[in-house]
Amino acid sequence: MEDVSTRFHVRFKYNVDTVGKRLPYADYRVRPYSIEETLTNICKYFDFNWWKQSDNLYKIKPYEYPRRHTDDGSKMLAYLNTLYSDKVQFENRKDSVRKEVRQLLGIDAYKDSLVHKKPILGKVRKYDGYTVQNICLETLPGEHVFGSIYTPAKKGKHALIICPDGHFNGGRYRKDEQQRLATLARMGAICVDFDLYGWGQSEQEYGKDSHHTDRAHVIQALNAEVLLDYMWNNRKDVDKKRIGVNGGSGGGTHTVLMTVLDDRITAAAPTVNLASHFDGGCPCESGKPIQTAGGGTCNPELLAFFAPKPLLVVSDGGDWTASVPELEFPYLQRVYGFYGAQNKVENVHLPQERHDYGVNKRNANYEFFIKVFGLDRKMWDESKVTIVKPEVLQSVLK
């Protein structure tokens, strides 16, 4: 590696132990015309991978099953594009892949064991233009999902948005999460969020290590479905024709998954998440082998199955979504074109921003749901949101 560094005028950082490792036929693995082909030839022998950090800096890391290079994503989408050239061919693949995803996830085995009890509902807290009520539902015997329901103060039928959470610091209790859900509620949408498996109150039941298991992948999807079922069946103020799903980062991964699992969803907005070369870096997003469905798929194809319903993809220049405008979005536009619905899919790309749920990402979500659900733009004012401490948003088990 020292010779490679000298030859190509690059530096290396290591997230692997290279002490004592010997590479047979090392000189023959060098490609004088390409540092990256050279690194591929070296790394694959040890099940390592390389990642470019800057023009002259590369990081050597262990192999990660859900993470690939952008070129791999490009090749995958090119391959998928050969499988269908019209709506009929796409629909045939859609039906079979969705069924296989469901089977590989294994969610139906859990659904067969669901506990059907009344939820524990907290006191309704009134704020400026919205209310918040905590909810705790027993899902499986002795297991619970903990969340909060943000509701418009105004009476009537409202859109419903299920909001899976991501891995941002603070979980669903953080400031930007409260700002987003409360603002959407002020504008006329009921929003429901819930703890990640093994995070927040869920950590008290399962322990912190439980989150990094493939069971988290299933239970988080199950919890979203359980909460949607509860709201669908018990809340008379829910407009069943306006059901959305919206989450960022890992919550964006589950936003994509929810569009595959549930036909009731009518609009979706995965944020700082979508890539053809990344399935989600946590087992709660990619622990089950759903990307092997149909002989091989990826999140953009799973999301394309949502066509022709309204879809927003928010991306930025500082994470794996940097490729969206040139790679994933054109693919989605092609599929939406099969339905004559290219105007139903949009991408807001923020090239100067990084991986977060900052104000510009939230604003893109607000604009989208105002348009597709007819929310009240006049109530768009994050300064009216009351930020509360985490314990206020937690349920008390009885």
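The values are calculated or read from the model by the stated rules, or taken from the named source; none is laboratory data. Small disclaimer: the values here were computed from a predicted structure and weren't measured. When we count neighbours, we look across all protein chains shown, and the Cβ atoms used for this are built from the backbone with ideal geometry, even at glycine. These accessible areas exclude ligands, DNA and RNA; they are computed on the full protein's heavy atoms, side chains included. Shrake-Rupley method; radii C 1.70, N 1.55, O 1.52, S 1.80 Å.
Could you check how much of the accessible area of the stretch 288-372 is carbon and sulfur, as a whole percent, using a 1.4 Å probe?
Ligands and nucleic acids excluded, carbon and sulfur reach 51 percent.
Bin all alpha-carbon pair distances of the stretch 1-62 at 5 Å intervals from 0 and give each bin's fraction as a whole percent.
In order of increasing distance, the bins hold 4, 18, 33, 30, 13, 2 percent.
Give me the aspartates and glutamates in straight-line cross-link reach of Lys87: C-alpha distance below 17 Å, same-chain residues under 8 apart excluded.
Asp95, Glu301
For the chain, what is the mean residue ellipticity at 222 nm derived from helices alone (per DSSP H run of n ≥ 4: -39500 (n - 2.57); sum divided by total residues; nearest 500 deg cm²/dmol)?
Here the helix-only value at 222 nm equals -10500 deg cm²/dmol.
State the answer as a single residue: which of Met1, Val30, Leu57 lies farthest towards the positive end of the charge dipole of the stretch 1-62, with beta carbon charges of +1 for Lys and Arg and -1 for Asp and Glu, about the Cα centre.
The residue sitting farthest along the positive end of the dipole is Leu57.
For the chain, which longest stretch is free of loop sites, where a loop site is one of the chymotrypsin sites (Phe, Trp or Tyr not before Pro) that DSSP puts outside H, G, I, E and B and that has at most 16 other Cβ atoms within 10 Å?
In the chain, the maximal stretch lacking such sites is 128-338.
So what's the projected area for the stretch 228-362, the Cα convex hull averaged over all directions, in nm²?
8.8
Report relative contact order for the chain in percent, whole number only (criteria: Cα-Cα under 8 Å, sequence separation at least 6).
Once divided by the residue count of the chain, the mean separation gives 17 percent.
List the aspartates and glutamates whose Cα sits under 14 Å from the Cα of Lys111, skipping any in the same chain fewer than 8 residues away.
Glu138, Glu143, Glu225, Asp229, Asp262
Which trypsin sites (Lys or Arg not before Pro) from the stretch 231-281 combine a DSSP loop assignment with at most 11 other Cβ atoms within 10 Å?
Lys236
Exceeding 21 Å between C-alpha atoms, which entries from my cross-link table qualify? They are Lys309/Lys378; Lys208/Lys288; Lys175/Lys389; Lys154/Lys371; Lys94/Lys288; Lys126/Lys241.
Lys309/Lys378; Lys126/Lys241
Compute the acute angle (0 to 90°) between the alpha-carbon long axis of helix 70-81 and the principal axis of greatest extent of the alpha-carbon atoms of the chain; round to the nearest 10°.
70
Taking the Cα centre of the stretch 1-62 as origin, work out the dipole magnitude from +1 charges on Lys and Arg Cβ and -1 charges on Asp and Glu Cβ, in debye rounded to 20.
Dipole of the stretch 1-62, to the nearest 20 debye: 120 debye.
Between Tyr14, Gly358, Gly281, whose Cα lies farthest towards the positive end of the dipole of the chain when Lys and Arg beta carbons carry +1 and Asp and Glu beta carbons carry -1, centred on the Cα centre?
Projecting each Cα onto the dipole axis, the largest value belongs to Gly358.
May I ask you to list the lysines whose Cα is less than 18 Å away from that of Lys118, ignoring any residue fewer than eight positions away on the same chain?
Candidates past the 8-residue exclusion: Lys236, Lys398.
Stretched out fully, how many nm does the piece from Asp376 to Gln53 gain, at 0.36 nm a residue minus the Cα gap?
112.0 nm
What are the residues whose amide H is under 5 Å from the amide H of Ala159, where those residues sit 5 or more places off or on another chain and H is modelled from the backbone?
The list, which skips near neighbours in sequence, is Ile190, Asp239.
Cα convex hull of the stretch 322-398: mean projected area in nm², to one decimal?
Dividing the Cα hull surface by four gives the mean projection, 8.9 nm².
Would you mind getting the Kirkwood hydrodynamic radius of the stretch 49-114 from its Cα pairs, rounded to one decimal in Å?
Value: 15.6 Å, from the Cα pair sum.
Would you work out which of Ala268, Phe48, Gly207 lies farthest towards the positive end of the dipole of the chain, given +1 charges on the beta-carbon of Lys and Arg and -1 on that of Asp and Glu, about the Cα centre?
It is Ala268, whose Cα lies furthest towards the positive end.
Quick one: compute the contact order of the stretch 1-62, relative version, from alpha carbon pairs under 8 angstrom and 6+ residues apart, as a percent.
39
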